[in-house]
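Reading through the structure tokens given below for one structure.
Only the coordinates and a few stated rules stand behind these numbers; no lab work does. Note that the structure is predicted; figures quoted are calculated from it, not measured. Glycine gets a Cβ as well: all are built from the backbone with ideal geometry, and neighbour counts include every protein chain shown.
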Amino acid sequence: MSISTEEMNRIISHMNEDHEESLILYAAYYADRKDVDSAKMTDLTENTLVLELESGESLEIPLIESVHSAKDAHRVLVEMHKQASV
């Protein structure tokens, strides 16, 4: 993956500060976890995003497409939100 540490930290901070509802949607839709009320993104890899749930549990969610840049990550995370919102 070619996302720099700085970009990764920015993506994770942005998702946690501004898009927790998306993280909860991802857990419900892609991991069938309707019990999640709070989640924080802790990592993003080429093929997964990792959430820490309120219980302290770590949950890996497969991305719908591999990401190789911050631009890819933005596009894929927005598309996943759209899919999960239907």
*What aspartates and glutamates sit close enough to Lys34 to cross-link, taking a C-alpha to C-alpha distance under 17 Å and skipping anything fewer than 8 places away on the same chain?*
Glu20, Glu21, Glu52, Glu54, Glu57, Glu60
_Sites Lys34 and Arg10 - FRET efficiency at Förster radius 35 Å, r taken between beta-carbons, to 0.05_ = 0.70
*Counting Lys and Arg as +1 and Asp and Glu as -1, what is the net charge of the other residues whose Cβ lies under 12 Å from the Cβ of Glu60?*
-2
*Amide H to amide H under 5 Å from Leu63: which residues, 5+ apart in sequence or cross-chain, H placed 1.01 Å off N in plane?*
Thr48, Leu49
*For Asp72, what charge total do you get from the other residues with a beta carbon under 10 Å from its beta carbon, if Lys and Arg give +1 and Asp and Glu give -1?*
0
*Could you list which residues have their amide H under 5 Å from that of Asp43, counting only those 5 or more apart in sequence or on another chain, with H placed in the peptide plane?*
Val50
*Environment charge at Met8 (Cβ cut-off 12 Å; Lys +1, Arg +1, Asp -1, Glu -1)*: -3
